[in-house]
Amino acid sequence: MDEQDLADHDGSTDRDGSDGNHSRDGGGGGAGETATETFVAHRNLLFTVAYEMLGSASDAEDVLQETWLRWAGVDLERVDDRRAYLVRITTRQALNRLRALSRRKEAYVGQWLPEPLLTAPDVAQDVELAESVSMAMMLVLETLSPTERAVFVLREAFDVGYDEIAAALDKSPAAVRQIAHRARRHVDARRPRRTVSASQTRAALESFRHALDSGDLQGLLDVLAPDVVLVGDGGGVKRAALRPLFGAGKVGRFILGGTGKVAGRLTVTPTVANGSPAFLAYLDGELDGVMVFHVEDARIAGIYYVRNPEKLGRIEAETALTLR
């Protein structure tokens, strides 16, 4: 497919995106497949790309809709690598939406957290995937510029070649390499350390749950890392800390003080969200929020509590994610 063809279907110019990383038809999307079959085959991948770039499942779904509308008008006979072409369209649409989303975040009340996704337990076992969609990593990605985030996500999470990224972003491969190096250095300086074993994680969360149920401040302090961070997202609709809280003392007192002021019975149920251990929090049996944890050295180092009702739509059913 030539430059004008992609410009007609995707609203921007294109250059050859092949750099040898994908075979003809991308290993998925044979010549006999329809546009629908190819799109469905790669839908989970495209959603994961959009979600990692945006941190919003609802916006990622909108991006997929926009991608489909453009893909449906493509002459498939002229597409050498269907998977790469779909990723390219998705990237461009996500990047456009990311810039608009950045403006919405500026007016957001309190702290902004990614929209949590209920994920299958096997996602947590895929270290690379779990890290890339974790709340801790997604917040690090929030510190990148839109272009840096797009380059980092495509290169580091999805192993997309530099030439292919350059085609998606309408930049030169040399420029993309520089952006990737800058973004990688930025992320590496802030990257959360890998979590501990599954058994240590379960023990830490069980201790946290017991301390929460019993109101045991010392028990809570014992399971929190000294430099633990608590980030709450109420979206101006529900009560949440307007700024991140740091330190076991502040976090512990805030958690127990907050539960003590709740009018009703608060209970939690273990689950997996964004590939990380999490609790679904219920107030008198009604879902109140999702509490996602990051555990280091057998202690809880990060707590991300999403209470904004507009961000709780993806925790009723598991979301399928993939890097390939």
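The values are calculated or read from the model by the stated rules, or taken from the named source; none is laboratory data. Quick caveat, the model's predicted, so the values are computed rather than measured. Counting neighbours? That spans all protein chains shown, and the Cβs are built from the backbone with ideal geometry, glycine included. SASA here: full protein model, heavy atoms, side chains in, ligands and nucleic acids out. Shrake-Rupley method; radii C 1.70, N 1.55, O 1.52, S 1.80 Å.
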Note to self: One residue is enough: does segment 67-77 have a residue meeting the conditions open to solvent by 20 Å² or more (accessible area, probe 1.4 Å), within 30 Å of residue 236 (Cβ to Cβ) and of a type in the set (Lys, Arg)?
What the structure shows: no
Notebook entry, point to check: residue 294 fails exactly one of the following numbered conditions: (1) touching a residue at least 24 places away in the same chain (Cβ under 8 Å); (2) surrounded by fewer than 22 Cβ atoms within 10 Å (Cβ to Cβ). What is the number of that condition?
Noted result: (2)
Check: Is there a residue being within 17 Å of residue 273 (Cβ to Cβ), surrounded by fewer than 19 Cβ atoms within 10 Å (Cβ to Cβ) and of a type in the set (A, V, I, L, M, F, W, C) anywhere in segment 133-142?
Finding: no
Notebook entry, point to check: Can you pull out the residues in segment 265-286 that are open to solvent by 40 Å² or more (accessible area, probe 1.4 Å) and either on the phi > 0 side of the Ramachandran plot or at pLDDT 95 or above (or both)?
Noted result: 284, 285
Item checked: All positions within segment 297-324 that are in contact with a strand residue (DSSP E or B) (Cβ under 6 Å, 6 or more places away or on another chain), open to solvent by 50 Å² or more (accessible area, probe 1.4 Å) and either closer than 24 Å to residue 153 by Cα or outside any strand (DSSP E or B) (or both) -> 318
Item checked: Filtered residues of segment 215-232 (kept if open to solvent by less than 60 Å² (accessible area, probe 1.4 Å) and either closer than 9 Å to residue 252 by Cβ or part of a helix (DSSP H, G or I) (or both)) -> 219, 220, 221, 223, 224, 228
Notebook entry, point to check: Out of all the residues in segment 143-158, which are more than 11 Å from residue 52 (Cα to Cα) and open to solvent by less than 10 Å² (accessible area, probe 1.4 Å)?
Noted result: 151
Check: If residue 109 passes every condition in (1) under 29 Å from residue 302 (Cβ atoms); (2) hydrophobic (A, V, I, L, M, F, W, C); (3) open to solvent by less than 30 Å² (accessible area, probe 1.4 Å); (4) not in a helix (DSSP H, G or I) but one, which one does it miss?
Finding: (3)
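Conditions (1) without any contact (Cβ under 8 Å) to a residue 24 or more places away in the chain; (2) in contact with an Asp or Glu (Cβ under 7 Å, 6 or more places away or on another chain); (3) among the hydrophobic types (A, V, I, L, M, F, W, C), marked per residue:
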position	(1), (2), (3)
100	yes, no, yes
113	no, yes, yes
118	no, yes, yes
130	no, no, yes
Margin query: Please return the ranges of helices (runs of 4 or more DSSP H) entirely within segment 113-195 where 1 or more residues are within 18 Å of residue 94 (Cα to Cα).
Written below: 127-133, 135-141, 146-152, 162-169, 173-190
Margin query: List the helices (runs of 4 or more DSSP H) inside segment 1-104, counting only whole elements, that have at least 2 residues being within 30 Å of residue 312 (Cα to Cα) and at pLDDT 95 or above.
Written below: 35-41, 43-54, 57-71
